[in-house]
Each structure stands twice: as structure tokens, then as C-alpha cells.
Amino acid sequence: MSVIRQNLQAVRQRITDAADSAQRDVHGIDLLAVSKTFDADAVIAAAEAGQTSFGENYLQEALDKMNTIRAERPDLALEWHFIGPIQSNKTRPIAENFDWVHSVDREKIAQRLSEQRPANLPPLNICLQVNISGEASKSGVLPGDALAVASTISQLPHLRLRGLMAIPEAEGDEAQQRAPFRQLHALFDQLCAAGLPLDTLSMGMSADMTAAIAEGATIVRIGSAIFGTREYAK
């Protein structure tokens, strides 16, 4: 059994255990395998172990990887999620090649994605990124601005606003980890009450997945626990 297959089994068990502890249906929690910096072979190994959804941060790396996988394994039906910061000049290839975008943080980006989404493709699934911890170094709308921005995005053609995404400030204690996730869920509930048909809370990574699931995550974004420690180019 490959290491990636073993790791996926372990992560899925962690998700099941966290869902049981939170008295949630595990089928309401999707696993997004964050494959940034890992090659096409790693994605194929995960796909062969039953994983179908993959998250990427770096556009050119992702496009190269997609092309390699499509050429080598046209039998694999994979779902691609863009989860990294988005520059205005990169929206077209994102709109053309991805199924989901989790990191929309301003109306301008959403407008460009809408305009550039090919008409022959389904609507692009969108999560609005919220800077839930108020960190100066993090992207995302402030919680107080989320309703106005989300309402605008929800009216754009060729997009489907699904929910909210956040990357809270790192905390070691689970109780501290849970607090910002609870705040994001409360904001999600406010937007739903305002009439937005949301169904997605993209929150939680390898280190804080259990806390995120306890607070209602519907997508957890897991990378290192599946693929191993990342090595970034120097």
C-alpha cells in the first residue's frame, strides 16, 4: 500500500472520529486534498486511492499538473479547486480550468471570473474568503463587509456562490482553534438568514481539522497529512 493511500485512510478516519465527536454526519464533510508543490504522480496516487477533489495555490504549477494528468490518465475525473491568492491578470485561466474557487476576496475578482467563465462550462463554484482573525497579512473581506460583497457576487452570472472560506490565525489549543471557526459559522448563518442560499464552510487544515469539524466545516483542506512535508523552492 502506498504511503499516500495509507495517509488518506488515516485522514478519513480522523474526519470520521471528529464527526462522531461533534455528532455530525460524516457524509456532510468533504475532503479536499491540497496538492500544491506535489507532482502529478502524487495526485494520481491519491486519485487511485479514491480521492477526487484537489486544491491548488499556484496557477502555473496547477495548469501544468492538470495537463500532465489529463494526458497520462484521461480516465480520471478530477475536481479542481483554486485556493490561493488571485491576481487580476490570472482570473481567465482560473475561470477556464477550475471547478471551484475558495479565495475570492473582492468584487473585482468575482466580476472577472464571471465574465471569463466559458459559457459551455457549469457555473464556477465560489467561496468568499473572510479574514476572520483580522490579520494584516491575510487576504479576505472583513466580517462586517461580507454580506454586501456576498450579495453582489450572488447576482453575477456564470458563478454560484456556495459559502465562506477562512484561514484563521494558527493556534495550538483546540479551544482557541474553535473560536474563529465558530465566528465564521455565525457569519455564515447571518448570510443565510439574509436570503443567500449557502451550503459550504471551507475551513480547517491538517493542524486544526478537528476544531473546524466541531464548528461545522463542510470542506476541510488537507495537504501535509496526505502528501507529507512540503519542500518549497528557495
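The values are calculated or read from the model by the stated rules, or taken from the named source; none is laboratory data. Small disclaimer: the values here were computed from a predicted structure and weren't measured. Glycine also receives a Cβ, built like all others from the backbone with ideal geometry; neighbour counts cover every protein chain displayed. Each accessible area value is taken on the protein alone, full model and side chains, heavy atoms only, with ligands, DNA and RNA left out. Shrake-Rupley method; radii C 1.70, N 1.55, O 1.52, S 1.80 Å.
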When the range 101-112 is checked residue by residue, the ones that are open to solvent by less than 20 Å² (accessible area, probe 1.4 Å), touching a residue at least 40 places away in the same chain (Cβ under 8 Å) and not in a helix (DSSP H, G or I) are His102, Ser103, Val104
With respect to Ile69, determine if the residue is more than 30 Å from Ser151 (Cα to Cα) and in contact with a Leu (Cβ under 9 Å, 6 or more places away or on another chain).
-> yes
Matching residues in the range 113-141 (of a type outside the set (S, T, N, Q), open to solvent by 20 Å² or more (accessible area, probe 1.4 Å) and either closer than 20 Å to Pro197 by Cα or touching a Cys at 6+ places or on another chain (Cβ under 6 Å) (or both)) number 2
When only residues in the range 113-127 that are in a helix (DSSP H, G or I) and not aliphatic (A, V, I, L, M) count, which is nearest to Gly163 (Cα to Cα)?
-> Ser114
Residue match in the range 146-162 (condition: outside any helix (DSSP H, G or I), in contact with an Asp or Glu (Cβ under 8 Å, 6 or more places away or on another chain) and either among the hydrophobic types (A, V, I, L, M, F, W, C) or within 21 Å of Arg182 (Cα to Cα) (or both)) | yes
Is one or more of the residues making up the range 188-206 under 17 Å from the mean Cα position of the chain (by Cα), among the β-branched types (Val, Ile, Thr) and outside any loop (DSSP other than H, G, I, E, B)?
-> yes
Would you mind listing the strands (runs of 3 or more DSSP E) fully within the range 1-98 where at least 1 residues are β-branched (Val, Ile, Thr), within 30 Å of Ile109 (Cα to Cα) and touching a Cys at 6+ places or on another chain (Cβ under 8 Å)?
-> none
Tally, over the range 151-170, of residues that are open to solvent by less than 70 Å² (accessible area, probe 1.4 Å) and within 27 Å of Ala18 (Cβ to Cβ) = 8
Determine whether Gln9 is open to solvent by 70 Å² or more (accessible area, probe 1.4 Å) and modelled with pLDDT of 95 or more.
-> yes
